[in-house]
Amino acid sequence: MSKKFYLDNAATTRVKKEVIDEMLKYFDEKYGNPSSQLYELGRRSKEAIDNARKIVADFINADEKEIYFTAGGSESDNWALKGVAFANFNKGKNHIITTKIEHHAVLHTCEYLEKFGVKTTYLDVDKYGMIDLEQLKEAITPETMLISIMFANNEIGTIQPIEQIGEIAKEHGVLLHVDAVQAMGAVKIDVKKQHIDLLSMSAHKLGGPKGIGGMFIRKGVKIDNLIHGGGQERGKRAGTEGVQNIVGFAKAVELASKDFDAHVKKLTSLRNKFIEGIKNNIPDVILNGHPTMRLPNNVNFSYKYVEGESILLLLDMDGISASSGSACTSGSLDPSHVLLATGLDHGTAHGSIRFTIGEETTEEDISFVVQTMKGIVERLRMMSPIKNDEDLYKK
Amino acid sequence: MYTEAVMDHFRNPRNVGSMENADGVGQVGNPKCGDIMKIYLKINDETIEDVKFETFGCGSAIASSSMATELIKGKSINEAVELTNKAVVEALGGLPPVKVHCSVLAEQAVKSALFDYAQKTGKVIKGLENYEPIDDDDIHCH
Ligand SMILES: Cc1ncc(COP(=O)(O)O)c(C=O)c1O
């Protein structure tokens with residue numbers, strides 16, 4: 001089999017060997033229900049969860065009692081928004097502030113809540129995907145119950161000034177929810193320093209299993225349950241705990257915290273080489289996202305005059321996996337809402353490709369991918385009836 | 001996701017390129033929607049002697065244009081005007097439902113090029129008497 005280049009680590013990551021080894025024990029050896037406290041097997045499972053909770057809490061500088069395990073980032077986002085909205089119903093607060101570039105787990109939840117009378121303000125972003133702190137301040141009203149802003153964007157990698165956002169939220173007495181699904185393991189998260197009240201996490205973006213994540217809920221925050229039932233997770237999230245997943249999540253977090261600085265430094269250097277390689281070898285490209293305030297693994301460009309899905313199909317022929325903001329890859333009519341929010345025209349947004357490097361990516365991989373991209377873009381441009389900006393921007 | 005035939009026409013598109021002094025040129029679609037097809041015809045004695053295409057779009061858009069050019073090459077203009085998107089889809093062994101619009105665009109591109117030829121030569125092509133070139137501003141994506 002020829003070599004594969006997996007460059008879609010923002011979609012998901014390979015589960016690390018150490019994580020799998022840790023998880024396996026909880027299938028046929030330590031399979032007790034953590035709620036069964038009267039016998040050894042149950043107690044062992046409970047201990048494993050307690051231990052995992054401590055690891056995750058330490059990673060974000062929270063208290064163990066503030067960590068709740070969920071089925072992933074989407075559930076955590078849903079819980080934060082619906083939980084706060086429902087806890088505030090009939091209390092005179094019905095306003096949420098978020099941004100135009102959130103993940104659909106946030107945006108579609110806001111749309112849903114609007115059916116129940118919730119009002120949402122969607123903050124703009126600049127061409128780099130950054131929000132404007134002044135616009136945020138101006139959007140806050142006495143009715144505002146929650147600000148929900150992602151730490152780092154999954155498509156363009158832009159990192160928001162969360163600490164400053166946290167200060168604004170605190171000053172105005174408004175809760176702050178942060179979707180940190182992409183930021184985990186890439187950016188230092190400190191819920192105390194950054195004044196975060198609720199934080200969404202997911203395991204599968206940092207070498208953990210899919211279908212497990214967590215939520216940090218600051219002590220004292222009023223939030224309704226999303227999943228009702230048994231008394232698990234201190235009565236806040238029902239359902240027999242996925243012990244093996246929780247243990248896997250914690251192991252991934254533990255590994256990420258161990259060589260955090262070296263890992264970020266290595267990826268950042270590779271990413272910069274990748275960005276330079278594309279810029280220096282392919283004309284008429286636009287870097288999407290912020291030049292420096294960006295995730296260490298994210299390389300997102302628009303290649304003018306060509307369309308993203310065609311690029312992905314040709315990349316796949318060379319064993320390269322990436323993703324695109326083109327409508328043709330999502331089955332929707334419009335290209336990525338994130339790219340449009342940064343002001344890209346539709347035509348240019350259709351030609352965007354996101355590479356997200358990972359632990360296994362090498363410098364040689366990057367040189368190969370840059371050269372492959374150069375060939376693909378040249379080939380598709382030769383086929384394209386759009387030859388210049390005039391053709392592209394023509395209405 | 002795509003059939004063998006679609007992938008074949010995507011990887012090795014037939015008749016790709018532009019044409020100087022074409023007898024008919026048609027372009028449909030716009031960058032907003034993510035697909036543009038341009039078709040060039042060389043017509044002699046009411047027969048399509050040569051055809052070329054240029055396409056901006058996804059894999060199925062490129063494959064649909066390539067297949068459409070194959071289906072009309074060597075045909076008379078009266079045969080070519082009867083090309084349907086269904087014929088393109090069938091020849092490709094099927095398209096995913098969300099991509100069927102690509103075949104519609106290919107049919108429109110052929111009609112638009114034939115209409116251009118009719119306009120330039122003053123000929124009347126059966127089936128194109130009431131043809132209205134699509135106004136780009138009116139195009140709703142997909
Ligand atoms: C920013 C962001 N939020 C939320 C999610 C959803 O997480 P999960 O896949 O764990 O539900 C993702 C993953 O795609 C994401 O990138």
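Once you order the gyration tensor axes a ≥ b ≥ c over the Cα atoms, which shape class does chain A get: rounded for a/c under 1.5, otherwise prolate or oblate by comparing a/b with b/c? Can you show the working numbers first?
Numbers: a/c = 2.15, a/b = 1.34, b/c = 1.60.
Taking the square roots of the gyration eigenvalues as a ≥ b ≥ c, chain A is oblate.
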Non-local amide H neighbours of B:Val16 (under 5 Å, H modeled in plane, Pro and chain starts lacking H): which ones?
B:Phe53
With springs connecting C-alpha atoms under 10 Å apart, model chain A as a Gaussian network and identify which of A:Thr158, A:Thr98, A:Thr109 has the largest mean-square fluctuation.
A:Thr109
Mean other chain Cβ within 10 Å across A:306-315 is 5
Looking at chain A, what % of its DSSP beta bridges pair antiparallel, to the nearest 5?
55 percent
With the Cα gyration tensor of chain B giving a ≥ b ≥ c as the square roots of its eigenvalues, does the rule (a/c under 1.5 for rounded; else a/b larger than b/c for prolate; else oblate) give rounded, prolate or oblate?
prolate
If each residue's Cβ is checked for other Cβ atoms within 10 Å, how do A:Leu123, A:Leu175, A:Leu287, A:Leu295 rank with the fewest at the top?
A:Leu287, A:Leu123, A:Leu175, A:Leu295
Considering the zone a paramagnetic label at A:Ala238 would reach in this model (a point 7 Å from Cα along the Cα-to-Cβ line), which residues of segment A:70-91 have amide N under 17 Å from it?
A:70-71, A:79, A:83
Cut-off is 10 Å between beta-carbons; in what order do A:Thr12, A:Thr120 appear when sorted fewest neighbours first?
A:Thr12, A:Thr120
Taking chain A as a Gaussian network, where each spring joins two C-alpha atoms under 10 Å apart, which residue of A:Glu241, A:Glu378, A:Glu102 fluctuates the most?
A:Glu378
Given only helices, namely DSSP H runs of n ≥ 4 each adding -39500 (n - 2.57), what is the per-residue ellipticity at 222 nm of chain B, to the nearest 500 deg cm²/dmol?
-11500 deg cm²/dmol
Report the full-extension gain for the segment A:Lys394 to A:Phe116: residue separation times 0.36 nm, less the Cα-Cα distance, to one decimal in nm.
95.9 nm
Residue by residue through segment B:39-48, the couplings from Karplus 6.51 cos²θ - 1.76 cosθ + 1.60 with θ = phi - 60°, in Hz, x for Gly and Pro, are 10, 10, 10, 10, 10, 9, 6, 6, 10, 7
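Lys and Arg at +1, Asp and Glu at -1: add these up for the other residues within a Cβ distance under 14 Å of A:Leu24 and post the number. Display every interim value, and only then the final one.
Details: positive: A:Lys16, A:Lys17, A:Lys25, A:Lys30, A:Lys251; negative: A:Glu18, A:Asp21, A:Glu22, A:Asp28, A:Glu29.
Neighbourhood net charge equals 0.
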For the Cα atoms of chain A, what angle does the longest principal axis make with the long axis of helix A:40-59, in degrees from 0 to 90, nearest 10?
50 degrees
Shape call for segment A:1-158 from the C-alpha gyration tensor, a ≥ b ≥ c root eigenvalues: rounded (a/c under 1.5), prolate (a/b greater than b/c) or oblate?
oblate
Quick check: Cα centre of segment A:346-395 to Cα centre of segment A:6-85, how many Å?
39 Å
Under 5 Å, built H, 5+ apart or other chain: amide partners of A:Leu123:
A:Thr98, A:Thr99, A:Lys100
Largest fluctuation, A:Glu309, A:Glu143, A:Glu254 only, Gaussian network model of chain A with Cα springs under 10 angstrom, belongs to A:Glu143
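Every read-out reported here was derived from the displayed coordinates using simple, explicitly stated rules and does not represent laboratory data. As the structure is a prediction and not an experimental result, all values here were calculated from the model. Positions of Cβ are backbone-derived with ideal geometry, glycine not excepted, and every protein chain shown enters the neighbour counts.
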